[in-house]
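The values are calculated or read from the model by the stated rules, or taken from the named source; none is laboratory data. Just so it is clear, the model here is predicted, and its values are computed rather than measured. Backbone-built Cβ (ideal geometry, glycine too); neighbour counts: all protein chains shown. Surface accessibility is based on the protein's heavy atoms, side chains included, excluding ligands, DNA and RNA. Shrake-Rupley method; radii C 1.70, N 1.55, O 1.52, S 1.80 Å.
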Amino acid sequence: MANIVILGAQWGDEGKGKVIDIFTQKVDYVVRYQGGNNAGHTVVIDDDEFILHLIPSGILHKRKICVIGNGVVVDPRALLDEISMLKKRGIKVDGRLLISESAHVIFPYHKRLDELKEQKRKKIGTTKKGIGPCYADKVARSGIRVADLLDEAVLKEKLTANLDEKNAILDKTYGAQGYSFDELYNEYRGYAEEIKKYVCNTTVVLNDAIKKRKKILFEGAQGTLLDVDHGTYPFVTSSNSTAGGASTGTGVGPTAIGKVIGVVKAYTTRVGEGPFPTEFTKDLMERIRRKGKEFGATTGRPRRCGHFDSVIVKHSIMVNGIDEIVVTKLDVLDDLDSIKICTAYKFEGKTYTDFPTNSRVLAGCEPVYEEVPGWKEDTTKVTSYLKLPKNAKNYLKRIQNLLKTRIVLISVGCERKQTFSKDA
Ligand code: GDP
Ligand code: IMO
Ligand code: MG
């Protein structure tokens, strides 16, 4: 099997955690390449539910090596909490978790600025984990990396410079309290001591592994429409969640990546603000939210839900070079009499079949729908494609035809066993 990227093809929460857990069996390394603890990836094993925010979902499989790549932003407090949660639940972490020394570190002022910016400007609806401000420092070349955290002298110098700037912004722009150097320095030196055993040059580790023909799974976080370049800007996250991010976020060249798998929810959801052309009206929203348990795995916020939108998924297939699709949460549509599929958008008399970049078009467009009959049967116990109700197969076939990309796997529940291949 080739090294693969598995990523979300919509606005996140497509069920990547579940799908990655299944594919982990076939690989040696699972690697996060972007984002931070804004992610919430759920894996259900028998009656146990795990929600992973920063640590790759592969950690639940014994003997797999999990890597937090250079493209990730790491909140050390959140990381240590996650490690201790896993250890308490019997998962061995030490010796299996590697953290890039080039990853950037989230500080409390990043979180505070994230919160304050949300109050002051037109809201994005962020997770308030400090992701945007931390990436902003990275690009502004003032960020503090894991390697800096481990070096007392460098940390002192960089934290001093950062606090000078951040405390002035907190005070002058927001009238908010600043941070004490001594407190932050001591807190973060403490974290450095605790995490240093996991830190290494993960780029070298991964490239050596590839030379030894070990297999790597790159775990996307967020979703394509939340990508800072290819998503619904500015209502996006601050990293490249698309397939290209797997390369820049790990230091593994694109020639070593053989396949990209897109995880696609059978309908659409998004959390936070921003355009959502196929968003349901109230009744259907509540029905599907309840049935699909559509509440954020990180913030608990209710997710906005909508009809399947082939315009955005086609855009995802293009910008990621998606080879194959996994459709999740088909079971959530079990009770519907009929199901709408969006095939295009209309705006001011013009029809758009390609995803429009102009935010005014996206915010004001009318979706063009076709409607297919529902199946009104419980699919959660179905174990093969052939046993799916005829109309469920027709729904999948129609999606596959619109997307012109092969569906390889279908998920009808959160458990591992509620998954089957399209070909079987
Ligand atoms: P991720 O961020 O893409 O990993 O997705 P989340 O974990 O945030 O959200 C997906 C939710 O749907 C989780 O609660 C999963 O347990 C659940 N889930 C995954 N696949 C299915 C499915 O096929 N059917 C149902 N009903 N739930 C699913
Ligand atoms: P997973 O990996 C869904 C959304 C936030 C907000 C926007 C920016 O579980 O699919 P941020 O805190 O990143 O600056 O917020 O991005 N967002 C997600 N939505 N799933 C996620 O991750 C998300 N991570 C961020 O709700 O709209
Ligand atoms: Mg999630």
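What to note about this one:
- Within the straight-line cut-off of under 14 Å between alpha carbons, the aspartates and glutamates reachable from residue 158 are 137, 148, 182, sequence neighbours fewer than 8 places apart in one chain being disregarded.
- Heavy-atom accessible area ranking, 1.4 Å probe, most first, across 165, 82: 165, 82
- For a paramagnetic label modelled on residue 291 (point 7 Å from Cα along Cα→Cβ), amide N atoms under 17 Å away belong, within region 326-345, to 328-342.
- Assigned charges on the beta-carbon of Lys, Arg, Asp, Glu; region 264-421 dipole about Cα centre (debye): 340 debye
- The length gained on full extension between residue 197 and residue 393, counted as 0.36 nm times the residue separation minus their Cα-Cα distance, comes to 65.6 nm.
- Fluctuation leader among 119, 34, 222 - the chain, Gaussian network, Cα springs under 10 angstrom: 119
- For the chain, the share of DSSP beta bridges that are antiparallel, to the nearest 5, is 40%.
- Estimated at 0.36 nm per residue, the fully extended path between residue 346 and residue 215 surpasses their Cα-Cα distance by 42.8 nm.
- Taking region 26-46 and a reference point 7 angstrom along Cα→Cβ of residue 416, the backbone N atoms nearer than 11 Å belong to 26, 44-46.
- Exceedance of the 21 Å cut-off in Cα-Cα distance is limited, within the set 314/417; 329/376; 340/390; 376/397; 16/314, to 314/417.
- Given charges at beta-carbon only (K, R positive; D, E negative), |dipole| of the chain in Debye: 940 debye
- When the chain is treated as a Gaussian network with alpha carbon springs shorter than 10 Å, the biggest mean-square fluctuation among 293, 211, 196 belongs to 211.
- Short-range pairs are left out: with C-alpha atoms under 8 Å and at least six residues apart, the relative contact order of the chain is 20 percent.
- Nearest 10 degrees, 0 to 90: helix 181-195 Cα axis against the chain principal axis: 60 degrees
- When the alpha carbon gyration tensor of the chain is reduced to an equivalent ellipsoid, the three semi-axes, largest first, read 36, 26, 19 Å.
- Shape category assigned to region 115-267 from the gyration tensor of Cα positions, a/c cut at 1.5: oblate
- Angle between the chain longest axis and helix 282-291 axis [Cα atoms, degrees, rounded to 10]: 70 degrees
- Stretching residue 140 away from residue 93 to a fully extended chain increases their span by 13.6 nm, per 0.36 nm per residue minus the current alpha-carbon distance.
- Most to least accessible of 284, 225 (protein chains only, probe 1.4 Å): 284, 225
- Cleavage-rule hits, trypsin sites (Lys or Arg not before Pro), region 17-93, DSSP coil, Cβ neighbours within 10 Å at most 12: 26, 62, 63, 89, 92
- Heavy-atom accessible area per residue - the chain, 1.4 Å, Å²: 43 Å²
- Spin-label model distance (nm) - residue 354 vs residue 51, 7 Å beyond Cα toward Cβ: 3.9 nm
- Heavy-atom accessible surface of the chain: percent carbon and sulfur, 1.4 Å: 49 percent
- Charge dipole of region 160-275 about the Cα centre (unit charges at C-beta), most positive-ward option of 216, 180, 248: 216
- Here the Karplus curve 6.51 cos²θ - 1.76 cosθ + 1.60, taken at θ = phi - 60°, turns the phi angles of region 314-322 into couplings of 5, 4, 4, 4, 5, 6, 9, x, 5 Hz, with x standing for Gly and Pro.
- Convex hull projection area averaged over all views, region 264-421, Cα basis, nm²: 9.5 nm²
- Rounded to the nearest 10 degrees, the inclination of helix 390-403 to the longest alpha-carbon principal axis of the chain is 60 degrees.
- The charge dipole of region 162-241, taken about its Cα centre with unit charges on the Cβ of Lys, Arg, Asp and Glu (plus for the first two, minus for the last two), comes to roughly 760 debye.
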